[in-house]
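> For reference, the structure I am asking about is given below.
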Amino acid sequence: MLIQNSFIPGNEGGKLYLVATPIGNLEDMTYRAINTLKEADFIAAEDTRQTRKLLTHFAIEGPLVSYHEHNKLRSGEEILHKLQEGKTIALVSDAGLPAISDPGEELVKEAIALGIPVIPIPGPNAALSALIASGLSTKGFVFRGFLPRGKKDLWTALESLKYYPETLIFYESPHRIEKTLKEMKEVLGSRQVALARELTKRYEEFIRGDIDEVLAYLRGLEEIRGEFTVIVSGSTEVKEEEGEAWWAELDISAHVESYLERGMDKKGALKKTAEDRGVPKREVYNIFHKS
Ligand code: SAM
């Protein structure tokens with residue numbers, strides 16, 4: 001077990017700050033992010049040229065070191081060495097939260113193992129920004145980031161998510177969005193989706209509908225451009241195990257409730273419960289409303 005008290009006085013050694021940066025709109029930079037970057041001994045950046053532009057905008061000078069997917073072993077060691085010498089390092093990625101589909105995870109683990117405090121500086125993130133405005137259930141969600149590229153691996157990944165009742169969150173490139181949605185339809189079946197395009201930017205757009213509607217819209221575009229986050233409604237199907245139905249132990253109200261908890265609306269939950277049990281919808285309605 002490891003306990004980290006991030007802000008106790010006397011805790012003056014090295015610290016690793018994970019600093020969120022804007023995903024499009026520079027006004028999303030927080031005061032705390034600016035101050036942390038100004039005060040850090042080093043700023044570790046995924047793309048130093050990109051980060052330099054951000055720093056210049058906010059008049060931050062801090063020395064930059066490069067930390068990206070391809071140098072993370074060597075650069076990670078140097079960063080850990082600096083942290084052990086008592087330096088403060090602020091890690092940023094090109095946009096959003098470091099360590100979310102961006103470099104950072106390994107560095108965080110290694111810093112923790114060395115007893116170095118790891119401190120998040122919260123801010124913009126494409127996945128959660130898209131989710132909250134998607135109109136889909138936010139009660140439970142699964143962030144899956146980028147799906148694999150090859151068809152076989154893509155199918156395996158989607159198959160593994162097929163019965164998740166939680167809302168699913170993906171990142172996708174404009175070149176692959178159509179293909180990915182098509183495969184999703186094949187594997188997951190018809191789902192409600194919300195595509196969040198160019199979040200926080202001038203051409204921010206939400207495309208909400210079922211997969212076929214959204215695909216038809218995309219096919220009508222001359223060119224698909226921008227950055228996409230894809231939100232997909234969770235499964236309302238429950239994988240049938242051999243033997244008893246999953247709801248066999250539930251009474252009718254609990255059966256309806258379990259669909260509501262999966263993000264289904266009341267009408268859908270009543271209908272599906274009636275279908276599962278082979279009883280009239282009216283009966284389910286009456287029992288549910290009396291309970
Ligand atoms: N670390 C970032 C975060 O916290 O959101 C995500 C980095 S990941 C390498 C980049 C992907 O995030 C893009 O390909 C896109 O799928 C999604 N993304 C980033 N900015 C976005 C935006 N402004 N609008 C929609 N999606 C965005």
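The values are calculated or read from the model by the stated rules, or taken from the named source; none is laboratory data. Model, not experiment: these values are computed from the prediction. All Cβ positions, even for glycine, are placed from backbone atoms using ideal geometry, and neighbour counts span all protein chains on display. For accessibility, only protein heavy atoms count, side chains too; no ligands or nucleic acids. Shrake-Rupley method; radii C 1.70, N 1.55, O 1.52, S 1.80 Å.
> Considering only the range 142-192, how many residues are over 18 Å from L128 (Cα atoms), within 11 Å of the ligand (Cβ to nearest atom) and open to solvent by 20 Å² or more (accessible area, probe 1.4 Å)?
Total satisfying the criteria: 3.
> Does G96 meet the test of being within 14 Å of the ligand (Cβ to nearest atom), surrounded by 15 or more Cβ atoms within 10 Å (Cβ to Cβ) and either within 25 Å of N25 (Cβ to Cβ) or among the β-branched types (V, I, T) (or both)?
Yes, satisfied.
> Give the number of residues within the range 32-60 that are in contact (Cβ under 8 Å) with a residue 12 or more places away in the chain and either part of a helix (DSSP H, G or I) or of a type in the set (D, E) (or both).
Count: 17.
> Moving on. Given the criteria closer than 27 Å to A127 by Cα and modelled with pLDDT of 90 or more, does R225 qualify?
yes
> A further question on this structure: Determine which member of the set A45, A59 is open to solvent by 40 Å² or more (accessible area, probe 1.4 Å) and touching a helix residue (DSSP H, G or I) at 6+ places or on another chain (Cβ under 9 Å).
Just one listed residue meets the conditions, A59.
> If a residue has to be modelled with pLDDT of 90 or more and either out of contact with any Leu (no Cβ under 6 Å at 6 or more places or on another chain) or farther than 24 Å from T138 by Cβ (or both) to count, how many in the range 258-275 make the cut?
Qualifying residue count, the range 258-275: 9.
> Looking for something open to solvent by less than 40 Å² (accessible area, probe 1.4 Å), more than 20 Å from L80 (Cβ to Cβ), within 21 Å of the chain's Cα centre (by Cα) and in the same structural domain as E69 (by TED's automatic domain parsing) - is there at least one such residue anywhere in the range 48-56?
The answer is no; no qualifying residue exists.
> Another question, if that's okay. Taking the residues in the range 210-247 that are under 20 Å from the mean Cα position of the chain (by Cα) and not in a loop (DSSP other than H, G, I, E, B) as candidates, determine which candidate is surrounded by the fewest Cβ atoms within 10 Å (Cβ to Cβ).
I211
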